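Q: Before we start, here is the structure in question, set down as structure tokens.
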Amino acid sequence: VTSDLSDSLEVGAGVLQAALTDLSYGWIQVKGMATVTTALTAGADGDPLTPTGSTDGTLDVVAAVTDDVCATAIDISAKIINCCFKY
């Protein structure tokens, strides 16, 4: 599972909870608190986050009313988010 904004609808689908090898199973978290491995690109604690406008595999602060809100920043420096993925 990867995020490629050049070939997507720019909506968040979830957070993969471990690096998976071929032919293995894993868990994609869609709701609740999660710690992400990639840095959050901007913002402050409490900001709504979106994959729209950010680089592949990262979340950015919502900039437009049409952006997909997929998470809320809980602790930017610790990379903790509250997931609210819809898809």
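Q: Condition first: of a type in the set (A, V, I, L, M, F, W, C), within 15 Å of I80 (Cβ to Cβ) and open to solvent by 40 Å² or more (accessible area, probe 1.4 Å). Now tell me which residues in the range 20-43 satisfy that.
A: Initial filter on the range 20-43 (of a type in the set (A, V, I, L, M, F, W, C)): 20, 23, 27-28, 30, 33-34, 36, 39-40, 42.
Subsequent filtering for residues that are within 15 Å of I80 (Cβ to Cβ) retains 33-34, 36, 39-40.
Selection gives M33, A39.
Q: Does C70 count as modelled with pLDDT of 90 or more, within 10 Å of G12 (Cβ to Cβ) and open to solvent by less than 50 Å² (accessible area, probe 1.4 Å)? Break it down stepwise before answering.
A: Values: modelled with pLDDT of 90 or more: no; within 10 Å of G12 (Cβ to Cβ): yes; open to solvent by less than 50 Å² (accessible area, probe 1.4 Å): yes.
Criteria not met by C70.
Q: Of (1) in contact with a Ser or Thr (Cβ under 7 Å, 6 or more places away or on another chain); (2) modelled with pLDDT under 80, V62 satisfies all except one. Which?
A: If we test V62 against (1) in contact with a Ser or Thr (Cβ under 7 Å, 6 or more places away or on another chain); (2) modelled with pLDDT under 80, just (2) comes out false.
Q: Further question: Scan the range 17-45 residue by residue and report those that are hydrophobic (A, V, I, L, M, F, W, C), assigned to a loop (DSSP other than H, G, I, E, B) and within 18 Å of A78 (Cα to Cα).
A: To start, the set of residues in the range 17-45 that are hydrophobic (A, V, I, L, M, F, W, C) comprises 18-20, 23, 27-28, 30, 33-34, 36, 39-40, 42, 44.
This time we only want the ones that are assigned to a loop (DSSP other than H, G, I, E, B), so: 18-20, 23, 27, 30, 36, 39-40, 42, 44.
Selection gives A18, V36, A39, L40, A42, A44.
Q: Within the range 44-59, track down each residue that is modelled with pLDDT of 85 or more, more than 9 Å from the chain's Cα centre (by Cα) and either surrounded by 14 or more Cβ atoms within 10 Å (Cβ to Cβ) or of a type in the set (A, V, I, L, M, F, W, C) (or both).
A: Hits for the range 44-59 are A44, D47, P48.
Q: Another question about this same structure. For V65, only one of the following conditions fails: (1) open to solvent by less than 40 Å² (accessible area, probe 1.4 Å); (2) out of contact with any Pro (no Cβ under 8 Å at 6 or more places or on another chain); (3) of a type in the set (A, V, I, L, M). What is its number?
A: Checking V65 against (1) open to solvent by less than 40 Å² (accessible area, probe 1.4 Å); (2) out of contact with any Pro (no Cβ under 8 Å at 6 or more places or on another chain); (3) of a type in the set (A, V, I, L, M), the one that fails is (1).
Q: Do we find a residue being outside any strand (DSSP E or B), at pLDDT 85 or above and open to solvent by 50 Å² or more (accessible area, probe 1.4 Å) anywhere in the range 75-86?
A: Within the range 75-86, one or more residues are outside any strand (DSSP E or B), at pLDDT 85 or above and open to solvent by 50 Å² or more (accessible area, probe 1.4 Å).
The values are calculated or read from the model by the stated rules, or taken from the named source; none is laboratory data. The structure presented is a predicted model; accordingly, all values stated were derived computationally and were not measured. Note: ideal-geometry Cβ built from the backbone for every residue, glycine included; neighbour counts use all protein chains shown. Surface accessibility is based on the protein's heavy atoms, side chains included, excluding ligands, DNA and RNA. Shrake-Rupley method; radii C 1.70, N 1.55, O 1.52, S 1.80 Å.
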